[in-house]
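Engineer: One structure is given below, represented as structure tokens, and several questions about it will come after.
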Amino acid sequence: AGVVCGKAQAIPFGTAVSAEVSVAHPWDQRVSPEMPDELMQKDDASRLLRVWSAGLILKQVVLLIGPAIGVSCAGAGLAQAPLWVWFHIAGWCFFAFGTELLVCGDRPACQSNFSYTMPSTVLNIFDVCTDALAAGVMLASYNCEDCRLEATWEQVAAKSALPVSIPLWSIALLAWLATLPQCLMPLYISSARDDQFIGFDLLGFETVASATRRKKHLERNSTQERFMFKFFLRLLAENAFQIHVQITIAGLSIALTGWTPAVDIMLISIYTTFVVLLFKFCQLWPDFWLVFESFKSDMPAKVVFLNVLLAAFVVVAYALAKILALFVCPQHLLNFDGCAEFDV
């Protein structure tokens with residue numbers, strides 16, 4: 001007689017016995033076919049979110065105050081950022097690439113999306129960096145004795161359809177502050193939620209976000225949350241507000257000093273922001289109908305949702321018109337009633 005797993009069984013004499021005993025341990029990380037495909041364990045994902053959230057905030061602070069060190073004044077317009085900031089930005093872009101490459105490894109869930117989403121990830125990080133750099137260059141320009149950006153802005157603001165008396169430097173700083181929630185929110189998500197893909201999506205890590213996204217019973221709720229976070233924090237707060245401020249600063253500088261290298265750098269940030277803005281609209285469009293249908297019979301909520309979406313389209317269209325005005329209008333700026341006119 002032989003004993004297998006505590007159960008006595010009769011075995012004829014001379015028969016070879018081959019038994020494989022499998023013991024399920026609580027630390028066994030194998031995932032059954034019924035479970036969602038997980039790219040990382042929750043603790044690892046939370047740790048990575050915290051590191052990159054803190055890193056992106058620190059990086060933006062460096063790019064905000066860094067241009068004051070070694071800035072080159074360019075007369076009445078924008079100052080030119082020092083060369084070292086571009087090595088700083090390039091390092092963060094390569095760091096983002098390496099992070100996703102390391103996380104993905106040989107996982108099929110990641111490899112299938114890597115070639116498609118990796119350029120988007122690097123572009124997102126580059127966009128966040130150049131936005132902070134644009135605000136930093138604007139603030140550094142005020143240290144130049146001949147800078148007349150603020151005086152010219154006062155003329156433009158007084159003749160605009162919506163006259164404001166807010167200093168230009170404070171608007172640039174406010175536009176930068178509007179980008180911080182997308183870096184701060186993942187710090188909360190890393191400790192308060194089981195699903196980490198929204199945090200990675202907010203930080204711009206498209207590959208990791210798409211691979212860690214739940215596919216089954218959480219799909220509808222996750223889609224709604226992803227749409228709301230990405231629409232309000234990344235599309236509106238980060239890009240839509242930022243691009244209008246940058247175009248205004250670039251137009252003022254062109255009117256004062258012409259097409260300088262500092263303006264060219266600002267245009268790089270403007271073009272990057274606009275491309276990322278269009279990408280985000282394309283990414284959110286498939287989720288639009290799911291979110292719209294989630295309101296069901298709540299007609300007032302549907303009306304508000306459609307109005308907000310329409311306002312976002314108007315903001316993007318007006319940003320495109322302001323970019324064209326940089327090359328068409330005599331003084332390179334656009335107001336609601338046509339090309340802006342002011343004394344330089």
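The values are calculated or read from the model by the stated rules, or taken from the named source; none is laboratory data. Because the structure is a prediction, the values reported are computed rather than measured. Quick reminder, even Gly has a Cβ in these numbers, built from the backbone with ideal geometry, and neighbours come from all protein chains shown. Accessible surface is based on the protein model in full, side chains and every heavy atom, while ligands, DNA and RNA are left aside. Shrake-Rupley method; radii C 1.70, N 1.55, O 1.52, S 1.80 Å.
Engineer: Evaluate the following for ALA151: is it modelled with pLDDT of 85 or more, open to solvent by less than 70 Å² (accessible area, probe 1.4 Å), more than 30 Å from ARG47 (Cβ to Cβ) and in contact with a His (Cβ under 9 Å, 6 or more places away or on another chain)?
Structural biologist: In short, no.
Engineer: Restricting attention to the stretch 28-72, which residues are open to solvent by 30 Å² or more (accessible area, probe 1.4 Å), modelled with pLDDT under 80 and of a type in the set (A, V, I, L, M)?
Structural biologist: VAL31, MET35, MET40, ALA68, VAL71
Engineer: Run down ILE268, ILE249 and say which single residue is touching a residue at least 24 places away in the same chain (Cβ under 8 Å), closer than 28 Å to TRP86 by Cα and touching a helix residue (DSSP H, G or I) at 6+ places or on another chain (Cβ under 6 Å).
Structural biologist: One residue alone meets the criteria, ILE249.
Engineer: Does GLN224 satisfy being farther than 24 Å from LEU174 by Cβ, modelled with pLDDT under 80 and not aliphatic (A, V, I, L, M)?
Structural biologist: Yes: the conditions hold for GLN224.
Engineer: If you don't mind, another one. Those residues that are in a helix (DSSP H, G or I) and hydroxyl-bearing (Ser, Thr, Tyr), I need them from the stretch 288-340; list them, please.
Structural biologist: Residues satisfying the conditions are SER294, TYR318.
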